[in-house]
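This report concerns only the one structure given below.
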Amino acid sequence: MSIEDYGGGQGTQSDVLVVTTNDAPGYRVDRVIGEVFGLTVRSRHLGSQIGAGLKSMIGGELKGLTKTLVETRNQAMERLVEQAKARGANGVLMMRFDVTEAADVGTEVCAYGTAVVLSKE
């Protein structure tokens, strides 16, 4: 598996700048639009659950579950960006992820932040 299978984040060609900081150096906040989020819930794959159960007995990384979580986080972030664009934003400040169990059937991942309109200083 390649590094792309275990990492994510925003591509270099995005129309919306997403940062985890309170501000974006080199940019001025012209307008705060408000909170935006992207949400997805993924069920567990039976094969990966069995593999995870066996792997947990001997230890080590659960690579199948890691890959699924990366895909899930990337999907949540894509939805966050879509929401920001739909509201007229070109930036999201203070982006965070929240991950919770969803009724013992899957994992809920929410990417959230503050949508803003930025301009270069």
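Within segment 22-37, can you find the residues that are loosely packed, with under 15 Cβ neighbours inside 10 Å, part of a strand (DSSP E or B) and within 23 Å of the chain's Cα centre (by Cα)? Write out each step before concluding.
First pass over segment 22-37, keeping only residues loosely packed, with under 15 Cβ neighbours inside 10 Å: 22-23, 25-26, 28, 30-32, 34-35.
The next check asks that each one be part of a strand (DSSP E or B); those that pass are 28, 30-32, 34-35.
Once the filter is applied, which keeps residues that are loosely packed, with under 15 Cβ neighbours inside 10 Å, part of a strand (DSSP E or B) and within 23 Å of the chain's Cα centre (by Cα), segment 22-37 yields VAL32, GLY34, GLU35.
Report, by residue number, each residue of segment 40-63 that is modelled with pLDDT of 70 or more and in contact with a Gly (Cβ under 6 Å, 6 or more places away or on another chain).
Of everything in segment 40-63, those that are modelled with pLDDT of 70 or more and in contact with a Gly (Cβ under 6 Å, 6 or more places away or on another chain) turn out to be VAL41, ARG42, SER43.
Pairs needed: first member in segment 87-103, closer than 15 Å to LEU39 by Cβ and open to solvent by 40 Å² or more (accessible area, probe 1.4 Å); second member anywhere, assigned to a strand (DSSP E or B) and polar (S, T, N, Q); C-beta distance under 7 Å; at least 6 residues apart or different chains.
VAL99/THR107; GLU101/THR107
Residue check: is VAL117 surrounded by fewer than 21 Cβ atoms within 10 Å (Cβ to Cβ), touching a strand residue (DSSP E or B) at 6+ places or on another chain (Cβ under 6 Å) and closer than 27 Å to GLY26 by Cα? It would help to see each step written out before you state the result.
Numbers: surrounded by fewer than 21 Cβ atoms within 10 Å (Cβ to Cβ): yes; touching a strand residue (DSSP E or B) at 6+ places or on another chain (Cβ under 6 Å): yes; closer than 27 Å to GLY26 by Cα: yes.
So VAL117 passes the test.
So which residues in segment 66-97 are within 9 Å of the chain's Cα centre (by Cα) and not in a helix (DSSP H, G or I), if there are any at all?
Correct list: MET95, ARG96, PHE97.
For segment 70-86, what are the residues that are of a type in the set (A, V, I, L, M) and open to solvent by 70 Å² or more (accessible area, probe 1.4 Å)?
Step one: of segment 70-86, the residues of a type in the set (A, V, I, L, M) are 70, 76-77, 80-81, 84, 86.
Within segment 70-86, ALA86 is the sole residue that qualifies.
The values are calculated or read from the model by the stated rules, or taken from the named source; none is laboratory data. For clarity, every value in this text was computed on a predicted model and none was experimentally measured. Cβ coordinates were reconstructed from backbone atoms using ideal geometry, including for glycine residues, and neighbour counts include every protein chain displayed. In case anyone asks, the SASA skips ligands and DNA or RNA and just uses the protein heavy atoms, side chains included. Shrake-Rupley method; radii C 1.70, N 1.55, O 1.52, S 1.80 Å.
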